[in-house]
There are 6 protein chains.
Amino acid sequence: MPYVNIKVTKEGGTNGTGPTAGEKAELIKGVTDLLAQVLNKNPATTVVVIDEVALENWGIGALPVTEYRKEQIR
Amino acid sequence: MPYVNIKVTKEGGTNGTGPTAGEKAELIKGVTDLLAQVLNKNPATTVVVIDEVALENWGIGALPVTEYRKEQIR
Amino acid sequence: MPYVNIKVTKEGGTNGTGPTAGEKAELIKGVTDLLAQVLNKNPATTVVVIDEVALENWGIGALPVTEYRKEQIR
Amino acid sequence: MPYVNIKVTKEGGTNGTGPTAGEKAELIKGVTDLLAQVLNKNPATTVVVIDEVALENWGIGALPVTEYRKEQIR
Amino acid sequence: MPYVNIKVTKEGGTNGTGPTAGEKAELIKGVTDLLAQVLNKNPATTVVVIDEVALENWGIGALPVTEYRKEQIR
Amino acid sequence: MPYVNIKVTKEGGTNGTGPTAGEKAELIKGVTDLLAQVLNKNPATTVVVIDEVALENWGIGALPVTEYRKEQIR
């Protein structure tokens with residue numbers, strides 16, 4: 001009965017507004033299968049919650065991710 | 001001074017867009033009272049955060065919840 | 001299929017090392033019942049995780065909770 | 001490689017809809033610097049996620065925060 | 001730069017005290033690969049945190065998991 | 001009334017078993033002050049929870065952190 005929380009930035013997908021429903025379904029299936037394979041966890045009670053986080057709310061390297069990426073390509 | 005996080009799917013309520021403000025107030029009061037009764041925790045410093053999660057972002061049984069429910073009623 | 005996370009300080013209980021198994025069972029039942037009553041959520045798929053946090057790892061009022069309590073009773 | 005999650009109510013900022021991008025950048029920089037100073041953590045792998053929570057989804061003192069504030073000023 | 005949190009009950013493994021280091025490494029690799037495949041996320045900045053939760057701190061079906069399992073096999 | 005969760009690996013400190021109580025107090029004070037300065041949040045209701053995570057439970061770059069560090073210094 002595991003609980004998995006996946007946080008990703010809200011970007012990409014068909015129109016740039018975040019992962020598509022199909023991509024999210026793949027994440028849900030993939031991580032549920034992984035827990036069944038590695039730890040023999042029951043998929044029936046494995047819960048997955050995906051959070052999509054606005055770019056300006058995600059920080060890495062002491063910068064919001066949009067600023068961080070500008071630094072990286074300098 | 002407990003901290004409680006309640007995650008529910010964003011559905012139901014008056015117009016299908018999620019729990020009403022009144023229902024959320026009931027959850028906040030209910031869980032705060034529970035912690036006061038069971039563990040004698042002070043309601044004044046009990047914090048409750050409710051997250052409403054889009055149906056396509058919630059997985060159970062290796063499926064997004066909307067697909068899961070279709071399977072269940074077959 | 002809600003998910004609830006309850007964080008409390010690791011104290012109290014029979015020997016001061018945190019809530020007893022019975023108290024935790026009461027929290028699990030209480031919050032699951034609450035979600036069934038208020039939002040008609042199915043107890044069968046309601047998941048509750050309780051985290052017990054060491055006193056020195058919990059801060060309030062800019063102080064670790066043990067220091068905070070000393071200030072309060074001055 | 002710390003992970004920090006900051007949850008605040010969605011209010012304030014230029015037009016009352018929550019912290020500005022600039023304020024969020026200050027939070028990201030501030031907490032990343034703090035972890036570097038206190039624990040010598042590498043800013044390059046310090047991740048910060050800010051969640052903005054609707055007022056009716058945040059509870060304190062057994063009340064949603066808007067109700068709580070009305071009580072406080074009585 | 002995703003962040004993934006996996007919560008499982010603290011059981012199983014070589015001596016019943018929870019997943020082995022090898023099993024945890026498989027989870028970390030598996031979920032990181034999944035995010036690279038599905039969303040093209042960079043493994044270098046994908047963070048995974050595994051929480052092992054004591055059985056009496058995990059509730060499902062309004063019961064601590066140990067009680068829940070006894071009910072299931074009746 | 002913000003809520004902040006800081007997750008760090010359980011290492012360092014006086015005897016290698018994680019941050020000292022003094023270091024944790026610095027983190028609590030530092031992040032509470034930051035939220036007061038940037039967003040004018042009230043320290044009295046700012047809650048901070050620090051989680052110390054075992055090295056084998058923390059993944060980065062598709063590897064547990066101990067393996068990751070060995071790769072980095074090759």
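The values are calculated or read from the model by the stated rules, or taken from the named source; none is laboratory data. Keep in mind the model is a prediction, meaning the values are calculated, not measured. Note that we place each Cβ from the backbone using ideal geometry, even for glycine, and neighbour counts take in every protein chain shown. When the accessible area is computed, the model is the full protein with side chains, heavy atoms only, and any ligands, DNA or RNA have been set aside. Shrake-Rupley method; radii C 1.70, N 1.55, O 1.52, S 1.80 Å.
Before moving on, here are some points about what is shown:
- Centre separation in Å (Cα based) which lies between chain C and region F:1-70: 20
- Seen against the Cα atoms of chain A and their longest principal axis, helix A:21-39 is set at about 50 degrees.
- Of the whole protein surface, C:Lys29 contributes about 100 Å² of accessible area at a 1.4 Å probe radius.
- Mean separation of Cα pairs under 8 Å and 6 or more residues apart, divided by the residue count, gives chain F a relative contact order of 39 percent.
- Note on chain E: with a GNM built from Cα contacts shorter than 10 Å, the maximum mean-square fluctuation among E:Gly30, E:Gly61, E:Gly22 falls on E:Gly61.
- In nm, spacing of pseudo-spin labels at B:Glu26 and F:Thr17 (7 Å Cα→C-beta vector): 4.7
- Taking θ as phi - 60° and the Karplus parameters 6.51, -1.76 and 1.60, the scalar couplings of region D:11-18 work out to 6, x, x, 4, 10, x, 9, x Hz in sequence order, x denoting glycine and proline.
- With all protein chains modelled, accessible area of B:Leu39 [1.4 Å, Å²]: 30
- Distance between the pseudo-spin-label points of D:Glu71 and F:Ile73 (7 Å out from Cα toward the beta carbon): 5.4 nm.
- Cα gyration tensor category, rounded, prolate or oblate, for region A:3-72 with a/c compared to 1.5: prolate
- Counting lysine pairs in chain F that sit 8 or more residues apart in sequence, or on different chains, and whose Cα atoms lie under 26 Å apart gives 9.
- Amide hydrogen neighbours beyond the local backbone of B:Thr9, cut-off 5 Å, H modeled: B:Val53
- Per-residue [θ]222 nm for chain F (sum of -39500 (n - 2.57) over DSSP H runs n ≥ 4, rounded to 500): -11500 deg cm²/dmol
- Considering only C:Ala62, C:Ala21, C:Ala54, the Gaussian network model of chain C with Cα springs below 10 Å gives its largest mean-square fluctuation to C:Ala62.
- Antiparallel bridge percentage (DSSP; both residues within chain B; nearest 5): 20
- For a modelled paramagnetic label at B:Asn40, 7 Å from Cα along Cα-to-Cβ, the residues of region B:1-23 in reach, with backbone nitrogen under 17 Å, are B:1-2.
- Residue of C:Ile60, C:Ile28, C:Ile50 that the Gaussian network model of chain C assigns the largest fluctuation, springs spanning Cα pairs under 10 Å: C:Ile60
- Prolate/oblate/rounded label for the protein assembly as shown (Cα gyration tensor, a/c 1.5): rounded
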